[in-house]
Amino acid sequence: MASVTRLSFHKRLFLQLIAFSWVIVLCFVGFQYLREKEYKSKFLNTQLQQYNRHLLEAVEDGESYQEYIASHEKPFDDLRVTLISHSGDVVYDNTITVDLLDNHSHRPEVVAALNKGTGYHIGRQSTSDGREYFYSATCGKGMIVRTAIPYSNVLRDLLRTDWSFLLVMIVIALAM
């Protein structure tokens, strides 16, 4: 009878150890997924911020923003460029008539740009055209430059998490 109890105890201990190992693996996979998603979003934001900064520098050096936007290569084909005053009024938009746009002072990326100098927002739907965008804003001396990329298959692929590390983690967990 004691050997049956001892076997049952060891079996329960073994199952608890396996369950604990899988919880650790799942926690690590979840953490890694979130980190990779954040990394890819920040990488995309960095590309847009670079364009925003160049546009701001050109305007501050006296170049026309229309001329800059028309003559310089954009980092993405469907790039939407919006110039916003510090009070939130839209000065220019390369895709929509300015008269149709409301005040942008409460948009998350604009608020962040005003407070921190830069900001981005993932997957917010535009109130002006109904499309979902990835927004990036940079605050300059006289205005805020906000660029946006519509959510398309290309952008989804760019932001998609690489799951190859999951296979490695499962193999390591099984080996343990």
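Just to confirm a number: summing +1 for Lys and Arg and -1 for Asp and Glu over residues other than Asp89 whose beta-carbon lies under 12 angstrom from that of Asp89, what do you get? Around Asp89, the charge tally is -3. For the chain, the 222 nm mean residue ellipticity estimated from helices alone, with every DSSP H stretch of n ≥ 4 adding -39500 (n - 2.57) and the total spread over all residues, rounds to -18000 deg cm²/dmol.
Shape verdict for the chain, please, from the Cα gyration tensor: rounded (a/c under 1.5), prolate (a/b greater than b/c) or oblate. Judged from the Cα gyration tensor, the chain comes out prolate (a/c at least 1.5, a/b above b/c).
Relative contact order, whole percent, for region 52-108 stands at 20, derived from Cα pairs under 8 Å and 6 or more residues apart. Computed extension length for Asp89-Gln50: 11.8 nm, one decimal, from 0.36 nm per residue of separation with the Cα-Cα distance subtracted. Of Lys11, Lys40, the residue with the largest accessible area leads and the full order is Lys11, Lys40 (1.4 Å probe).
Listed peptides 42-48, 23-29 appear in the order 42-48, 23-29 once ranked by packing, highest mean of other Cβ atoms within 10 Å at the front.
Accessible area ranking (1.4 Å probe, heavy atoms, ligands and nucleic acids excluded), largest first, for His106, His54: His106, His54. Subtracting the Cα-Cα distance of Gln125 and Ser64 from 0.36 nm times their residue separation leaves 19.0 nm of extension gain.
Once the Cβ-Cβ distance of Ile18 and Lys40 is raised to the sixth power relative to R0 = 30 Å, the FRET efficiency obtained is 0.35. Solvent-accessible surface of the chain, taken per residue with a 1.4 Å probe and all protein chains present: 63 Å².
Across the options Phe9, His86, Val171, the greatest Cα extent toward the positive end of the charge dipole of the chain (unit charges at beta carbon of Lys, Arg, Asp, Glu) belongs to Phe9.
Pop out the carbon and sulfur fraction of the accessible area of the chain as a percent, whole number, probe 1.4 Å. Ligands and nucleic acids excluded, carbon and sulfur reach 59 percent.
The protection proxy used here, the mean number of other Cβ atoms lying within 10 Å of each residue, ranks peptides 120-126, 59-65, 13-19 as follows, highest first: 120-126, 59-65, 13-19. Spin-label model, Phe31/Asp102: points 7 Å from Cα along the beta carbon direction are separated by 4.2 nm.
One Cα centroid belongs to region 10-39, the other to region 46-78; the line between them spans 45 Å. The calculated FRET efficiency for the pair Ala175 and Phe9, based on their C-beta separation and a Förster distance of 30 Å, comes to about 0.75.
The values are calculated or read from the model by the stated rules, or taken from the named source; none is laboratory data. Owing to the predicted nature of the structure, the values given are computational and were not obtained by experimental measurement. So basically every Cβ, Gly included, is an ideal-geometry build from the backbone, and we count neighbours across all protein chains shown. SASA here: full protein model, heavy atoms, side chains in, ligands and nucleic acids out. Shrake-Rupley method; radii C 1.70, N 1.55, O 1.52, S 1.80 Å.
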